[in-house]
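Only the coordinates and a few stated rules stand behind these numbers; no lab work does. No experiment lies behind these values; they were computed from the predicted model shown. Cβ atoms come from the backbone with ideal geometry, glycine included; neighbour counts cover every protein chain shown.
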Amino acid sequence: MFNTLLLKLFSQVVTTDDIAEAHNNGIEHRITGISVSGLKRTKLRVIERPLQKFIGTDERDININDVYAIIEDTGILEPVSIEITDNQEEAGKTLAITVREKWSIIPSPYFGFDSDNWVVGGAVFDSNAFGLRDAMLVMGTYGKNSWSAMFMYISTPNTVGDFGFSVGAHVLSQNTEHTEQTGKEVLRRFNTRTISPSFALMYSLTELLTPRIGISYRNSVLRDTEDPVNAPDDGMQAIIITPGIGMRHTSWDGYLLGVKSATLRYHYSIVFGGNNVQSLSLDSVFNHSIVPGFRFTAKSGLQFTFFADEPYFESSPVSAVNILASTYSAAHYAGLSLGLEKYLFRFKYGTFALAAAYQNVFSRGNLLGNQFDHGPATTLKMYFSRIAVPGIEIGIAYNAARDKYRFAFNMSGSF
């Protein structure tokens, strides 16, 4: 009987230890809560929802740089501190984050110039409209060859399962002048006024994938043009349907926010009184840190347009390259830029970096036929930390195939 009692007591002790160990290993080290402080205008769910992916994760498996990347990628928040503390309300740990809101309502002048064009204007931009991380833009510009007015509202999905949308309208009066790459020979000259309202719906399918579908109306009216060259016979009206899908992943190396993204879109233009036009576009960005603060960069752009007999469906160069003149226009592009970017220093309001790349682009237009261009580009960048806009870039690009330099300065960081 004594042996039986001893066995029962021993069994009770073992069972209690097992439960305690399982509790310690299974819950005490797991993230069971999210705490965000420092928000003033921003709704808590904007940042809390994407951070929910860490709930249930062992604290020892969390890479703080992954948390940092999520906060930076909002574009409206700057991390101040990231800690893992004991959860005061239940078992487990709390991912405790303190942030600083960036200045997101920005009434500002707009200006940009390069070797071929200049534009000035004013804009009111809110990258955190209603505290929801939505973007709202009202903008007017006047340039060397154009004036425009624009309104845009974009509601971006914050996490998996969210829907988003965009609605906008654009009025553009443009004196179009297309040239070959050196900008000396005028290949086409005509003037138009274009009205284009648009709407798009998007859905965050996974952490990486966001499909979308858009519809827009475009009405381009020909205006009187002094000394027209290869001008179209008439204006153009079309309804454009644009399904697409985007993939995006961000990372933080301690100095720079890395982006790996790709966006594929198909455009089907139903042209009133003309031939329908189809086009396919692909834009991708790949940044990968070699060591913290020093990274490899790659950008590519592809555009292919089917049955585009009219110049309305040609376009300026793809975003992956900037060695082509902004007045150059083609129906097809395939561009690739490969380079390096180095963090220089950081101060209170932002981060400076220097980038260099070598660019290659194949293009084909109705007037020029096949063209191949290549050359280096160097850019000084400043990424803002207190203002919710990408930053400022100033750079120079050299088209070795045409012996042509291009200079550019942009507030938006789009050079």
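Shape descriptor for the stretch 208-292: Rg over Rh equals 1.21 (Cα atoms; Rh from the Kirkwood inverse mean 1/r). Subtracting the Cα-Cα distance of residue 40 and residue 91 from their residue separation scaled by 0.36 nm leaves 15.5 nm.
By other beta-carbon atoms within 10 Å, ranking 39, 44, 324 with the fewest at the front produces 44, 39, 324. Stretching the chain fully between residue 276 and residue 186 yields a gain of 29.6 nm (0.36 nm per residue, less the alpha carbon separation).
Between residue 250 and residue 172, the distance separating the two model label sites (each 7 Å from Cα on the Cα→Cβ line) works out to 2.8 nm.
Semi-axis lengths, largest first, of the ellipsoid equivalent to the stretch 274-415 are 31, 16, 14 Å, with √(5λ) applied to each eigenvalue of the Cα gyration tensor.
The stretch between residue 364 and residue 241 holds 41.9 nm of extra length on full extension. This uses 0.36 nm per residue minus the Cα-Cα distance. The simple spin-label model puts a point 7 Å past each Cα toward its Cβ; for residue 80 and residue 400 those points are separated by 5.0 nm.
Per residue of the chain, the DSSP helices (runs of n ≥ 4 H) give a summed -39500 (n - 2.57) that works out to -3000 deg cm²/dmol at 222 nm.
For the chain, the relative contact order comes to 10 percent (Cα pairs under 8 Å, sequence separation of at least 6). At the listed q of 0.11, 0.14, 0.15, 0.17 Å⁻¹, the Debye profile of the stretch 240-352, built from one uniform point per Cα, gives log10 I(q)/I(0) equal to -0.49, -0.70, -0.77, -0.89. If only the Cβ of Lys and Arg carry +1 and only the Cβ of Asp and Glu carry -1, the dipole of the stretch 344-415 around its Cα centre is close to 220 debye. Rounded to 0.05, the FRET efficiency of the residue 260 and residue 130 pair, given R0 = 30 Å and the Cβ-Cβ distance, is 0.50. Across the stretch 181-210, the residues whose backbone nitrogen lies under 19 Å from the label position 7 Å along the beta-carbon direction of residue 234 are 190-195. Relative to the longest principal axis of the Cα atoms of the chain, the long axis of helix 64-73 makes an angle of roughly 40 degrees. Eigen-decomposition of the gyration tensor built on the alpha-carbon atoms of the stretch 334-395 gives equivalent ellipsoid semi-axes of 32, 13, 7 angstrom, largest listed first. Our compactness index for the stretch 110-410, the C-alpha radius of gyration over the empirical 2.2 N^0.38 Å, is 1.03. Per-residue Cβ neighbour counts within 10 Å put 374, 178 in the sequence 374, 178, beginning with the fewest.
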